[in-house]
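Below are the C-alpha cells for one structure; questions will follow.
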Amino acid sequence: MASVGSNPSWRGIVPPLITPLVDRDRLDEQGLERLIEHVLAGGVHALFILGSTGEAPSLSYRLRREVIRAVCRQVAGRAPVLVGVTDTAIEESVALAACAADCGAAAVVIAPPYYF
C-alpha cells in the first residue's frame, strides 16, 4: 500500500460508501454488490470504505474484515479501494490495515480517534 501523498495520479471522485446491513452485525452482501457496481458504473475514481460516514466504530471487527474482503474481491482492481482503519486501539487499527493489505486494498486511511 502507498500513501496518497506518494501517488500523485490519484484524483477525482472518491466517495465514502455506507455499509449495507441486514441486521445489526450481518452484511447485506447483495446490497453491497449493487452499491459497488452502481458507483463504479457512475465513473468514480476510487472507493472509500469504513471511513467518514461515522458507522465504522459501531461495526464489529469481524464485520469490518468481512467488508474489506468482500469489497476488494468484488472490485478486483477496477478501481483503488481505500479502507478506513481508525480505531481507539492501535492494535486493532494495525490488524485492520494488515487485512486491507492482504486483500489488495490500495491504501488505508487513519485519523486520531475523536477525543485525541
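If I filter segment 42-61 for residues that are part of a helix (DSSP H, G or I), at pLDDT 95 or above and open to solvent by less than 20 Å² (accessible area, probe 1.4 Å), do I get at least one hit?
As a first pass, look at segment 42-61 and keep what is part of a helix (DSSP H, G or I): 56-58, 61.
Keeping just the survivors that are at pLDDT 95 or above gives 61.
Those left that are additionally open to solvent by less than 20 Å² (accessible area, probe 1.4 Å): none.
Checked against the condition, which is being part of a helix (DSSP H, G or I), at pLDDT 95 or above and open to solvent by less than 20 Å² (accessible area, probe 1.4 Å), segment 42-61 yields no hits at all.
With respect to Gly84, is the statement that it is modelled with pLDDT under 95 and either under 23 Å from Asp102 (Cβ atoms) or small (Gly, Ala, Ser) (or both) true?
Details: modelled with pLDDT under 95: no; either under 23 Å from Asp102 (Cβ atoms) or small (Gly, Ala, Ser) (or both): yes.
Against the criterion (modelled with pLDDT under 95 and either under 23 Å from Asp102 (Cβ atoms) or small (Gly, Ala, Ser) (or both)), Gly84 does not qualify.
I've got another one for you. Check whether at least one residue in segment 26-37 is at pLDDT 95 or above, touching a Cys at 6+ places or on another chain (Cβ under 8 Å) and not hydroxyl-bearing (Ser, Thr, Tyr), and report yes or no.
Applying the first criterion (at pLDDT 95 or above) to segment 26-37 yields 26-37.
Then keep just the ones that are touching a Cys at 6+ places or on another chain (Cβ under 8 Å); that gives none.
Taking every residue of segment 26-37 in turn, none turns out to be at pLDDT 95 or above, touching a Cys at 6+ places or on another chain (Cβ under 8 Å) and not hydroxyl-bearing (Ser, Thr, Tyr).
Determine whether segment 74-97 contains at least one residue that is in a loop (DSSP other than H, G, I, E, B), in contact with a Pro (Cβ under 6 Å, 6 or more places away or on another chain), of a type outside the set (D, E, K, R) and open to solvent by 60 Å² or more (accessible area, probe 1.4 Å). So that I can check it myself, show each step before the final result.
We begin by selecting, within segment 74-97, every residue in a loop (DSSP other than H, G, I, E, B); these are 76-80, 85-89.
Next, only the ones that are in contact with a Pro (Cβ under 6 Å, 6 or more places away or on another chain) stay: 88.
Narrowing further to those that are of a type outside the set (D, E, K, R): 88.
Next, only the ones that are open to solvent by 60 Å² or more (accessible area, probe 1.4 Å) stay: 88.
Yes; the residues of segment 74-97 include at least one that is in a loop (DSSP other than H, G, I, E, B), in contact with a Pro (Cβ under 6 Å, 6 or more places away or on another chain), of a type outside the set (D, E, K, R) and open to solvent by 60 Å² or more (accessible area, probe 1.4 Å).
Are there any pairs with C-beta distances below 7 angstrom linking a residue in segment 9-33 that is open to solvent by 80 Å² or more (accessible area, probe 1.4 Å) to a residue that is at pLDDT below 95 and not β-branched (Val, Ile, Thr), with the two at least 6 apart or on different chains, and if so which?
Ile18/Glu55
Please go through segment 102-116 and give me each residue that is farther than 15 Å from Ala79 by Cα and of a type in the set (A, V, I, L, M), ordered by number. Walk me through how you get there before you give the answer.
Of all residues in segment 102-116, those farther than 15 Å from Ala79 by Cα come to 102, 109-116.
Val109, Ile110, Ala111, listed by residue number.
Results for (1) out of contact with any strand residue (DSSP E or B) (no Cβ under 6 Å at 6 or more places or on another chain); (2) assigned to a helix (DSSP H, G or I), shown as yes or no for each residue.
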site: Arg64; (1), (2): yes, yes
site: Ala100; (1), (2): no, yes
site: Ala105; (1), (2): no, no
site: Pro113; (1), (2): yes, no
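The values are calculated or read from the model by the stated rules, or taken from the named source; none is laboratory data. This structure is a prediction, so every number in the text was calculated from the model and none was measured. Cβ: placed from backbone, ideal geometry, glycine included. Neighbour counts: every protein chain shown. Just so you know, the surface numbers come from the protein's heavy atoms only, side chains and all, with ligands and any DNA or RNA stripped out. Shrake-Rupley method; radii C 1.70, N 1.55, O 1.52, S 1.80 Å.
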